[in-house]
Amino acid sequence: MQISEEKIQEVLLAADIVDVVSKFVRLKRSGSNYSGLCPFHSEKSPSFMVSPKKQIYNCFGCHKGGNSIKFLMDYSNLSFLDAVRELAREYGVDLPVQDEKTNEEQKKFEEYYDLTKATIRFFAEQLIQNPDNKHILEYLRNRKINDASIKNFSLGYAPGVRGKLIDFYKKGGFDQRKAIELGFLGESEGKIYERFAGRLIFPIFSHHGREIGAGGRILEKRTDTGKYINSPESPIYNKSRVLYGLSHSKDEIRRLDQVIVVEGYLDVISLFQNGIKNIAAVSGTALTDDQVKLLSSYTKNIYLLFDSDPAGYKAAMRSIEVVLRHNLNLMIMSLPEGEDPDSFVHKHGAKEFLEFVKNAKEFIDYQYLAFEKGGWFNNPDKMTEAIKEMVRPVALIPDELRRTVLIKKIAEKFQFRERILEEEVNRIRTQEVEQRHFEPMERLPQQGEKRGETGTAVAKSDEYSGHQTN
C-alpha cells in the first residue's frame, strides 16, 4: 500500500509528539518544552527534548531527532510504513484498505526502494573501501568536504570499470529491469550499461529519509557527456516533488522558521558542514509548486540563493511566482559574481555567509535592482515591461491586504498612482482564472468602489465575477 502525503500529514497532525513519546519516555515540562532521559543512548542528565509547538524531538547528546513517525521508527525498529500504520491505528486515522492487489502494489514499491538502497550502499562502499578509488576521496577533500559530511550524505562512487554494478545486481538477485526503470542501468540496442559509471554519486533522499535516486558528477573534462546526470522519473522518484538535503535539514528549518534554497548538491553539503543547516537544493531548476507546498509544511519564510549568472537569475524570477501563490514570505540573496554557496562558505566562513542572509532583499527590491542594472529603465518600452514583470507575481498573492501593501511599494518606487497598478493586477487575476481554471480570484477594489458582503470588490455598476471555464 502506498500512503499519500496528505494521509501522512493527517497522521502527524493526529499523533501529538508529546503523547507519542511519553508512552516510552518519562517527560517533565521544561519551559515551553518537555525533557527526559534519552531512550537512544545511556545518560544520567536529561538531554532529550520534545517540542509540542514544533512537533519534534531532539537529543543534544546523540543528535537523534525528528517527528512522531521517526521516533516510532527508531524506538520500535519499524519501517516507515509500519510506523505510519501503527500511529494511524492508535490515533484513529483511516488509511486505504489493504487488499491483495494493494499489498502486491506495495511489494513492488518496496522492491524499488530496496534496490535503490542497496545501490546507494554499493556506491558508498566503492568510495570508502576500494583503494582503487582513493583519487575520488582526494577530490572531495580538495573541495574541503570532510569525512563526516561524506558519511552523513552517503556520498559514493560508481566504478569506472564497467560491469561491477551489473555483477553486484546478479550476486544480490536484484531485478535488472527494475534497475533500468530506476535509471541506475541503461539499455541501448539491446545492450545493458551502467549509467553512472565513473561518476561521484550524490544520493537523493525523500524528505522522510528514504533513498529514491541519485545524481552523478563526472570529474574529468569531457565533451561527450554532461557534467551531471540524475535519476530519471521513476515509480519512487519525481524530481519536481523532491528537494535535495531536506531529510537532513527539515528539523533545523522548523527550529529557525526559515529555509535557504540553493541550487546544487555541493552547496547543501558545504553549508551544512559549516553549521548552516536550514538548507535545501532544487538541483539546477526553478522551484516547483510541489516543492513549495512541501517547504510550507516546515516554514513560511523562504530565502532564495541562486547563482548570480543569467541562468540563476532566470530560475529566481521563475521561482518568485510559485512561492507567492502560496502566500509565503520570500527573500532573495545574491553572492558576489563568480561565487556560489559552496565556494563562498569555504573561502569566507559561515559568519560572513550569514551576513548575506541578514541582508537578503525582498523580491520587489531584488527585481527592481536587477532591471535597473540591466538598463531597462532607460527605455520607456522596456520600463513598461519591467513594471509588468514586477506586478505579475504580486497579482498572484492570495492575501488581498498583502497585495495592496506591495502594490503601494511598487507605486512609490516609480512614483505612479496605485490605481494604475491595481488595474494591471485585476487584469492578471482575471486572466489567471481563464487560463488556469482557478476559482474566481478576488480583485483589488479601485477608486469609487465599495466592499461586497463577502469581501469581494463591487464595481459602481455591476458585481465583478471571474470567468471560470469547465
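Please treat every number below as a calculation from the coordinates, not as lab data. If you're wondering where the values come from, they're calculated on a predicted model, not measured in any experiment. In this analysis, Cβ positions are derived from the backbone assuming ideal geometry, glycine residues included, and neighbour counts consider all displayed protein chains.
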Lys, Arg +1 and Asp, Glu -1 on Cβ, resulting dipole of the chain about Cα centre, debye, nearest 20: 1220
Other-chain or far-sequence residues with amide H under 5 Å of Y157's (modelled H): A124, Q126, L127, I201
Local electrostatic count, R143, Cβ distance below 11 Å [Lys/Arg +1, Asp/Glu -1]: +1
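Helix-only estimate, please: 222 nm mean residue ellipticity of the chain, summing -39500 (n - 2.57) across DSSP H runs of length 4 or more and dividing by its residues, to the nearest 500. Don't skip to the end; give the middle numbers.
Values: 18 runs with 221 residues, N = 470.
Calculated from helices alone, the mean residue ellipticity at 222 nm is -14500 deg cm²/dmol.
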Dipole magnitude of segment 178-279 about its Cα centre (Cβ charges: Lys, Arg +1; Asp, Glu -1), debye to nearest 20: 140
Debye, to nearest 20: dipole size of segment 1-51, +1 on Lys, Arg Cβ, -1 on Asp, Glu Cβ: 420
Segment K382-E233, length gained on full extension (0.36 nm per residue, minus Cα span): 49.7 nm
Distance violations [Cα-Cα > 25 Å] among K64/K358; K293/K382; K70/K239; K277/K347; K358/K409; K53/K351: K64/K358; K293/K382; K53/K351
In sequence order, calculated HN-Hα J values of segment 312-321 (Karplus, 6.51, -1.76, 1.60; Hz; x Gly/Pro): x, 4, 4, 4, 5, 4, 5, 6, 4, 4
Entry for Cα Rg over 2.2 N^0.38 Å (calculated from the structure that is shown) out of (i) 1.06; (ii) 1.11; (iii) 1.78: (ii)
Environment charge at H41 (Cβ cut-off 14 Å; Lys +1, Arg +1, Asp -1, Glu -1): 0
Residues K361 and K293, FRET efficiency given R0 of 30 Å [Cβ-Cβ distance, rounded to 0.05]: 0.80
Karplus-derived HN-Hα couplings along segment 219-235 (A = 6.51, B = -1.76, C = 1.60, θ = phi - 60°), whole Hz, x at Gly and Pro: 9, 8, 6, 9, 9, 8, 7, x, 4, 10, 10, 10, 4, x, 4, 8, x
Approximate spin-label separation V405-R141, in nm, with each point projected 7 Å along Cα-to-Cβ: 5.2
Peptides 250-259, 51-60 ordered by average Cβ neighbours within 10 Å, highest first: 250-259, 51-60
Beta bridge orientation in the chain: antiparallel %, DSSP, nearest 5: 75
Inter-part distance where segment 246-306 and segment 371-409 are each reduced to a Cα centre, Å: 26
Degrees separating the helix 341-358 axis from the principal Cα axis of the chain, which is the longest one: 40
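Pick out, in residue order, every one of the trypsin sites (Lys or Arg not before Pro) in segment 286-369 that is DSSP loop and has at most 15 other C-beta atoms within 10 Å; say none if there are none.
K300
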Of K300/K408; K117/K221; K144/K221; K54/K178, those spanning more than 27 Å from alpha-carbon to alpha-carbon: K117/K221; K54/K178
Gain in span if fully extended, E337 to E412, counting 0.36 nm per residue against the direct Cα distance: 24.1 nm
Computed lengthening from Q129 to Y193, 0.36 nm per intervening residue step minus Cα-Cα distance: 20.7 nm
